[in-house]
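Heads up, the thing below is written out as structure tokens.
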């Protein structure tokens with residue numbers, strides 16, 4: 001029906017070369033020390049670049065949780081539920097987003 005087909009071409013390709021897997025294994029054996037050191041270096045660079053974004057997100061979440069918790073505690077203390085928690089959460093959102101904007105502008 002028309003030509004050697006996929007299997008025939010694949011066998012011809014593999015028979016003529018060392019194969020991609022074997023070449024990758026040989027490279028990995030040669031450069032295993034260097035690739036590990038490079039991967040550690042790249043990881044450290046990514047962590048350093050992600051630092052400000054992580055700080056901003058933790059600040060946002062922390063402000064919401066802490067001020068919301070203080071509002072909830074005020075509700076329990078004064079018996080004014082749900083207004084203390086609502087005001088605490090809204091204040092937490094405002095403070096958190098303010099800190100987020102500050103860190104993004106740096």
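The values are calculated or read from the model by the stated rules, or taken from the named source; none is laboratory data. Treat the numbers as computed from the prediction; the structure is a model and nothing was measured. All Cβ positions, even for glycine, are placed from backbone atoms using ideal geometry, and neighbour counts span all protein chains on display.
In the range 80-97, the residues that are at negative phi and free of Cβ contacts under 8 Å to residues at least 12 places away in the same chain form Cβ pairs under 6 Å with partners that are surrounded by 16 or more Cβ atoms within 10 Å (Cβ to Cβ) and assigned to a helix (DSSP H, G or I), at six or more places apart or across chains, as follows: 81/75.
What about residue 76, is it loosely packed, with under 11 Cβ neighbours inside 10 Å and out of contact with any strand residue (DSSP E or B) (no Cβ under 6 Å at 6 or more places or on another chain)? Against the criterion (loosely packed, with under 11 Cβ neighbours inside 10 Å and out of contact with any strand residue (DSSP E or B) (no Cβ under 6 Å at 6 or more places or on another chain)), residue 76 does not qualify. Considering 65, 42, the condition of being under 21 Å from the mean Cα position of the chain (by Cα) and at pLDDT 85 or above is satisfied by 42 alone. Among the candidates 35, 80, 57, 103, the residue that is part of a loop (DSSP other than H, G, I, E, B) and at pLDDT 60 or above is uniquely 80.
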